[in-house]
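Have a look at the structure below before the remarks.
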Amino acid sequence: MSYLDERREHINKGRPKAEKKKHWLKPVAEKRKSQNEEYKILRLKFLKDHPRCECGRPGCVRISVEVHHSGGRIGADFLDTVKWKAISRVCHRWAEENPLEAKKLGLSVSRLNK
């Protein structure tokens, strides 16, 4: 046993060990929770006002079922309807898998030059 281990044992001898509190992180912060509630309402209204896919791909006449956040979903961009696009699920997946082509069509903007 090393000197430091002996010293720690001597100092802690007879002291009850303090129970450590477990601090669990909340799965969703309170602020984000209220934003999610507002988003649900805005999203339904937005999709009702924009029934067709706005992807810009030639020949796409699908019904929009999802909202694409062209500027991302962080901070104020989450509820900024100016940067939203009503889009079909197929086109949304395509936009996420092909970011360069999506930027050319105006579906995505670079988040680095804000």
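Among residues of region 68-79 that are at positive phi and part of a loop (DSSP other than H, G, I, E, B), those with a Cβ under 6 angstrom from a residue that is of a type in the set (D, E, K, R) and surrounded by fewer than 16 Cβ atoms within 10 Å (Cβ to Cβ), sequence gap 6+ or separate chain, pair up as GLY72/ARG111. What residue, of ALA18, ALA95, is in contact with a strand residue (DSSP E or B) (Cβ under 8 Å, 6 or more places away or on another chain) and on the phi < 0 side of the Ramachandran plot? Of the residues listed, the single one that is in contact with a strand residue (DSSP E or B) (Cβ under 8 Å, 6 or more places away or on another chain) and on the phi < 0 side of the Ramachandran plot is ALA95. Just one of the numbered conditions (1) within 14 Å of the chain's Cα centre (by Cα); (2) assigned to a loop (DSSP other than H, G, I, E, B); (3) hydroxyl-bearing (Ser, Thr, Tyr) is not true of TYR39: (2). Set side by side, the residues SER70, SER34, SER2 differ, and just one is under 20 Å from GLU96 (Cα atoms), modelled with pLDDT of 80 or more and hydroxyl-bearing (Ser, Thr, Tyr), which is SER70. All of (1) among the aliphatic types (A, V, I, L, M); (2) part of a helix (DSSP H, G or I); (3) surrounded by 11 or more Cβ atoms within 10 Å (Cβ to Cβ) hold for LEU4 with one exception: (3).
Residues that are closer than 18 Å to ALA76 by Cβ and out of contact with any strand residue (DSSP E or B) (no Cβ under 9 Å at 6 or more places or on another chain) within region 40-53 comprise LYS40, ILE41, listed in sequence order.
Restricting to region 43-67, name every residue that is charged (D, E, K, R), in contact with a helix residue (DSSP H, G or I) (Cβ under 7 Å, 6 or more places away or on another chain) and in a loop (DSSP other than H, G, I, E, B). Matches in region 43-67: ARG57, ARG62.
Here is a yes/no grid of residues against (1) touching a residue at least 24 places away in the same chain (Cβ under 8 Å); (2) within 19 Å of the chain's Cα centre (by Cα):
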{"position": "LYS13", "(1), (2)": "no, no"}
{"position": "VAL28", "(1), (2)": "no, yes"}
{"position": "ARG52", "(1), (2)": "yes, no"}
{"position": "TRP84", "(1), (2)": "yes, yes"}
{"position": "ARG111", "(1), (2)": "yes, yes"}
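Taking the criterion of being surrounded by 13 or more Cβ atoms within 10 Å (Cβ to Cβ), aliphatic (A, V, I, L, M) and under 30 Å from GLU97 (Cβ atoms), would at least one residue in region 43-55 satisfy it? Within region 43-55, one or more residues are surrounded by 13 or more Cβ atoms within 10 Å (Cβ to Cβ), aliphatic (A, V, I, L, M) and under 30 Å from GLU97 (Cβ atoms). Where residues in region 70-114 are surrounded by fewer than 17 Cβ atoms within 10 Å (Cβ to Cβ) and touching a Phe, Trp or Tyr at 6+ places or on another chain (Cβ under 7 Å), which of them is farthest from LYS40 (Cα to Cα)? Among those residues, the one meeting the criterion is THR81.
The values are calculated or read from the model by the stated rules, or taken from the named source; none is laboratory data. What you see is a predicted model, and the numbers here were worked out from it, not measured in a lab. Virtual Cβ from ideal backbone geometry, glycine too; neighbours counted across all protein chains shown.
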